[in-house]
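Since every read-out is calculated from the coordinates, none of them should be taken as a lab result. Nothing here was measured: the structure is a model prediction, and the numbers come from that model. Quick reminder, even Gly has a Cβ in these numbers, built from the backbone with ideal geometry, and neighbours come from all protein chains shown.
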Amino acid sequence: MEPLSHHLLTQAYNNGWANHRLYKACLQLTQDEFVAPRCSFFPSIKATLNHLLTVDWFYLHMLECEQRGEQPDADGERFFDPEQPFATCTDLHAEQAQADHRLIAYCRGLRDGELARYVSIVRPERVQREQRLRLLAHLFEHQVHHRGQVHAMLSDTAVRPPQLDEFFCEEEAGLRAADFAELGWTEEQVWKGLGAALQPFAG
């Protein structure tokens with residue numbers, strides 16, 4: 001695996017791991033706690049997690065269309081209608097896991113010499129064009145940004161916010177071992193680009 005492409009792949013794995021760990025906490029909430037109004041950019045944990053998912057759908061569609069040599073359909077805004085497609089944490093978890101799996105699969109096919117290829121992003125009034133590398137960096141940052149907001153909102157509940165920074169250090173492998181087992185991953189698969197077949201997310 002080429003260095004920069006492999007780093008993007010590890011970022012995709014980290015994204016899936018962090019979402020897995022965050023959802024394990026959110027799934028302990030009651031439905032009332034899940035939908036309760038809270039002080040954040042989006043007004044509830046439910047609204048924030050829905051936003052993360054629909055934005056992932058949007059960008060993944062554009063990235064995958066470019067990868068296949070296809071033009072994305074003109075109705076990119078369909079991914080945001082409705083704004084909150086899922087009412088429960090259980091349903092959101094299943095859908096987010098599938099989106100995370102798609103992102104890992106996409107990044108597994110990247111090569112350093114192709115990261116400058118442009119992706120068309122269909123907006124209501126224009127078509128934005130961004131290099132694959134920059135668009136992926138934006139997508140990862142978007143997840144980190146809003147995942148942090150959910151993490152903060154959990155602090156107002158009885159559920160302890162999970163540690164989300166135990167992924168990249170080699171000597172912290174034991175701290176993520178249980179999560180990796182639940183996800184069907186190994187350290188070798190993530191860090192050495194091994195494992196020809198992706199394992200489905202545990203749900």
Output the Cα-based Rg and Dmax of the range 43-145 in Å, rounding Rg to one decimal and Dmax to a whole number. 13.9, 42
Taking only the alpha-carbon atoms of the range 40-90, what semi-axes of the equivalent ellipsoid follow from 5 times the gyration tensor eigenvalues under a square root, in whole Å, largest first? 25, 10, 9
Just the Kirkwood number for the range 94-174, please: inverse of mean 1/r across all distinct Cα pairs, in Å, one decimal. 15.7
Per residue, how much space in cubic angstrom lies within the convex hull of the C-alpha atoms of the range 8-84? 106
Loop only per DSSP, at most 14 neighbouring Cβ atoms within 10 Å: give me the GluC sites (Glu not before Pro) in the range 1-78, ordered by residue number. E70
Normalised by the number of residues in the range 101-170, what is the relative contact order in percent for Cα pairs under 8 Å and 6+ residues apart? 16
Give or take rounding to whole Å, what are the principal axis extents of the alpha carbon atoms in the chain, in descending order? 48, 46, 23
